[in-house]
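The values are calculated or read from the model by the stated rules, or taken from the named source; none is laboratory data. These numbers come from a predicted model, not from an experiment. Note that we place each Cβ from the backbone using ideal geometry, even for glycine, and neighbour counts take in every protein chain shown. Ligands, DNA and RNA are stripped out before the accessible areas are found, and what is left, the full protein with its side chains, is counted by its heavy atoms. Shrake-Rupley method; radii C 1.70, N 1.55, O 1.52, S 1.80 Å.
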Amino acid sequence: IARLVLEATGKYHRQAHRSLHAAGLPVAVVNPLRSRLFAEAVGALAKTDRIDARMLALLGARLDPAAAPAGEALDGLQELVRARQSAVADKTALSNRAGGAETDFLRVELAQRVAEADRHIARLDEEIRRRIDSDERLAGRFRILLSIKGVGPIAAMTLLACLGEIGACSGKGAAMLAGLAPIARDSDEKNGQRRIRGGRAHVRTALYMAAVAAARSNPDLAAFYKRLRENGKAAKIAITAVMRKIVVLANVLIRENRQWTPTPP
């Protein structure tokens, strides 16, 4: 068996993924939209369990998706990290409502809910760190990610939990999974502007602030960002390029099991 391919189906694929991974089998988990588009591209418009299984096998053979590690520790960590992102979004919405409230009663109510959201986020942070510290493999990867100047705990925990394939795929593959690989838009003699597309939006959200920090404090990435800006690239495009650099760098460091240093070894 070269590779097993599963569709991501919420939480329903996780037990199969864990069991197969524990048996020593390489398992790739793909986006259901990607597998559906692949099936349509090869002319399989009908959809049955038997056809879906064959299309997933063909996708695995032709596209060679990266195998992803599995385990209850990683699944639980991903659930907590995603819950933290949702809690932060909820807190932001509440803070915005509180800022626009004119009624004293409503301002007090919203302030209490914002405070509770802060406590909820703090409890999630504590549990996430506890789970990382209790797993030697996760703790080692977490330290590697934190060693990259500009990458803080939030970006590190998101990469660790939500980009499980990191370290087991190519740099380009990791960038594609995060939705940070520029997609060509060329036709004949026309060269369209490259744009990022697809991928895991929650990973990009966490990487944005890391890229902003790295563009200021990381000597290599700051020089890279400055060079792009001096060459006429817009700030947003330059920051996106730094985000991509962080993912590629993290992929290399985890694959080689070493921490980042200002001067490459």
Taking only segment 209-224 into account, find how many residues are open to solvent by 20 Å² or more (accessible area, probe 1.4 Å) and not polar (S, T, N, Q).
-> 9
Within segment 225-265, which residues are open to solvent by less than 80 Å² (accessible area, probe 1.4 Å), in contact (Cβ under 8 Å) with a residue 60 or more places away in the chain and assigned to a helix (DSSP H, G or I)?
-> T240, M243, R244, I246, V247, V248, L249, A250, N251, V252, L253, I254
Give the residue, chosen from L124, L63, L94, that is under 26 Å from the mean Cα position of the chain (by Cα), at pLDDT below 90 and among the hydrophobic types (A, V, I, L, M, F, W, C).
-> L63
Would you mind telling me which numbered condition in (1) within 26 Å of P26 (Cβ to Cβ); (2) touching a residue at least 40 places away in the same chain (Cβ under 8 Å); (3) surrounded by fewer than 19 Cβ atoms within 10 Å (Cβ to Cβ) L145 fails?
-> (3)
Tally time: how many residues in segment 213-224 are among the hydrophobic types (A, V, I, L, M, F, W, C) and touching a residue at least 40 places away in the same chain (Cβ under 8 Å)?
-> 4
Assuming A44 fulfils every condition listed in (1) closer than 30 Å to M157 by Cβ; (2) open to solvent by less than 40 Å² (accessible area, probe 1.4 Å) apart from one, which condition is it?
-> (1)
